[in-house]
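What follows is one structure encoded as structure tokens, with my remarks underneath.
The values are calculated or read from the model by the stated rules, or taken from the named source; none is laboratory data. Everything quoted here is computed from the prediction, not taken from an experiment. Counting neighbours? That spans all protein chains shown, and the Cβs are built from the backbone with ideal geometry, glycine included. Please note that ligands, DNA and RNA were not included when accessible areas were found on the heavy atoms of the full protein model with its side chains. Shrake-Rupley method; radii C 1.70, N 1.55, O 1.52, S 1.80 Å.
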Amino acid sequence: METEADVFYRQLPKVELHAHLNGSVSSHTIEKLIKTKPHLNIEHNMTAIGKGQSRTLDECFQYFKVIHQLVDTEEDILMVATDVIREFAADSVKYLELRSTPREEKNTGLTKKGYIETVLRAIQLCKNEGLDIDVRFLVAIDRRNGPQVAMETVELAEEFMLSSDGVVVGIDLSGDPTVGDGKTFLPALERAKNCGLKLSLHLSEVAAQLEESDLLLNLPPDRIGHGTFLHPEVGGSQSLVDKVLKNNIPLELCLTSNIKGQTVPCYSKHHFKYWYQMGHPSVICTDDKGVFYTDLSQEYQLAASTFGLSREAVWKLSQQAIDCIFAPETVKQQLKQKWTILKPQVLQ
Ligand SMILES: CNc1ncnc2c1ncn2[C@@H]1O[C@H](COP(=O)(O)O)[C@@H](O)[C@H]1O
Ligand SMILES: [Zn+2]
């Protein structure tokens, strides 16, 4: 049964800025994919971490490998991307920045270019359907693939930034944070920045990456993913915090992802508290709503119940996320208008 609170959080207009496409595939879509590929012998529990369960971050990365096996043709990508966008729209997400790592699959003839084109086609299809959601795309660099591939990815992103009518807005640096050295990605990231692509970097997602985080913060990035171990209480440093504050770099915070991935011990110890209390721009996001079995409404609800936020404070939190989007000022103004119109009916 849906409670009054459930209805409020679902109807709350929201902005999602940190969503990996293949981590966001719902169980409904996974079911369809499993049916088309029975020979892979993939079961549901291999693609999502259920309620109350957790895995090491390392184990979490195995889930993406399984999902990638299920999603390996243009047809799959088109279905996955349209389903994911429709689901976010049904959850009252009004603005979504999806991110995904372009992959090539020799077996199916999928190319990186085809991969991006297909995601863009899905975005266009959803637009044609008249869904009330503005979708943009960040091209992701997977750390595992090294600096050379990173540079090629930036070049590809640059092409699409110029040809996609403003849909491709930036670059994401993600992948297993324990693999590779952040320093080696600086040339690619600098190039991206210089050509006008925005940067959202996974930073200090695991402990003991002070040097790497410091180097990457000097770019500086336009947004930070997680930033779990930046502050001194958890082994980060004041100088890292100061750099984030000085450049006013928003944080994308994904509560359930961090709990289920075991980088944060429990909801009440989540670093949302540290940054939010300072009044620093903190945006609640899902990371991988499919793998972590959540949605953005639930993440807002969890943040509110854990940290005692009033409805008014929750409203402000979702509204302030608008200032952190990568789309231009005109889009921010349109979204702010939307929030103003919806306020009296949602926040009764
Ligand atoms: C849990 N925390 C995380 N930390 C770092 N990278 C993550 C991640 N969650 C997801 N990804 C990145 O997103 C890819 C899956 O989506 P796409 O195939 O790109 O759409 C993963 O392979 C990983 O590179
Ligand atoms: Zn992420």
- Task: Mind putting together the pair-distance distribution for region 49-93? All Cα pairs, 5 Å bins, whole percent per bin, short to long.
- Result: 5, 18, 16, 18, 21, 19, 3
- Starting from the Kirkwood radius over alpha-carbon pairs of region 156-240, derive D by Stokes-Einstein at 37 °C in a medium of 0.692 mPa s and give it in µm² s⁻¹. 244 µm²/s
- Note on the structure: For region 290-348, the convex hull over Cα atoms projects on average to an area in nm² of 5.1 nm²
- Item | Calculated FRET efficiency for the pair residue 1/residue 165, C-beta based, R₀ 30 Å, to 0.05 | 0.10
- Task: Scan the chain and note any complete DSSP helix (H) whose C-alpha atoms cover at least 20 Å along its axis and whose Kyte-Doolittle average is -1.0 or more.
- Result: 57-70, 74-90, 112-128, 146-163, 329-346
- Message: Residue by residue through region 219-232, what is 3J(HN,Hα) from phi via Karplus (6.51 cos²θ - 1.76 cosθ + 1.60, θ = phi - 60°)? Round to whole Hz and write x for glycine and proline.
- Response: 4, x, x, 7, 8, 10, x, 6, x, 4, 10, 7, 8, x
- Message: How large is the direction-averaged shadow of the alpha-carbon convex hull of region 180-223, in nm²?
- Response: 2.9 nm²
- Query: Given region 61-195 reduced to its alpha-carbon atoms as identical point scatterers, what log10 I(q)/I(0) does the Debye formula return at q = 0.09, 0.15, 0.17 Å⁻¹?
  - Reply: -0.27, -0.75, -0.96
- Message: Quick check on region 21-125: take the gyration tensor over C-alpha atoms, sort the square-rooted eigenvalues as a ≥ b ≥ c, and tell me if it's rounded (a/c under 1.5), prolate or oblate.
- Response: oblate
- Work out the FRET efficiency for residue 208 and residue 183 from their Cβ-Cβ distance, taking R0 = 22 Å, and round it to the nearest 0.05. 0.90
- Query: Any idea of the accessible area per residue across the chain, 1.4 Å probe, to the nearest Å²?
  - Reply: 42 Å²
- Message: For residue 199, what residues show an amide H to amide H distance below 5 Å, using hydrogens built from the backbone and excluding near sequence neighbours?
- Response: 171, 222, 223
- Item | Alpha-carbon centroid distance for the pair region 252-282 / region 286-348, whole angstrom | 16 Å
- Message: Restricting to DSSP H runs of at least four residues, report the calculated mean residue ellipticity at 222 nm for the chain, -39500 (n - 2.57) per run over all residues, nearest 500 deg cm²/dmol.
- Response: -14500 deg cm²/dmol
- Item | Amide proton proximity set for residue 254, modelled H, under 5 Å, gap of 5+ | 226, 285
- Note on the structure: With the dipole of the chain defined by +1 on each Lys or Arg Cβ and -1 on each Asp or Glu Cβ, the option from 230, 270, 137 whose Cα lies farthest towards the positive pole is 270
- Note on the structure: Over the Cα atoms of region 216-266 the radius of gyration and the largest Cα-Cα distance (Dmax), both in Å, equal 11.5, 32
- Item | Among 201, 337, 300 the positive-end extreme of the charge dipole of the chain (Cβ point charges) | 337
- Query: Expressed in nm to one decimal, what extension gain is obtained for the pair residue 336 and residue 268 from 0.36 nm per residue of sequence separation less their Cα-Cα distance?
  - Reply: 21.4 nm
- Kindly give the semi-axes, whole Å and largest first, of the ellipsoid equivalent to region 1-64, taking each as the square root of 5 times a Cα gyration tensor eigenvalue. 27, 16, 13
- Message: Kirkwood hydrodynamic radius, computed over distinct alpha-carbon pairs, for region 170-325: how many Å, to one decimal?
- Response: 15.9 Å
- Query: Under the classification rounded if a/c is under 1.5, otherwise prolate if a/b is larger than b/c and oblate if not, where does the chain fall, given a ≥ b ≥ c as square roots of the Cα gyration tensor eigenvalues?
  - Reply: rounded
- Message: Please give me, ordered by residue number, the trypsin sites (Lys or Arg not before Pro) of region 196-251 that lie in loop per DSSP and have at most 10 other Cβ atoms within 10 Å.
- Response: none
- Query: Sequence-distant or interchain residues sharing an amide H contact under 5 Å with residue 168, placed H: which?
  - Reply: 137
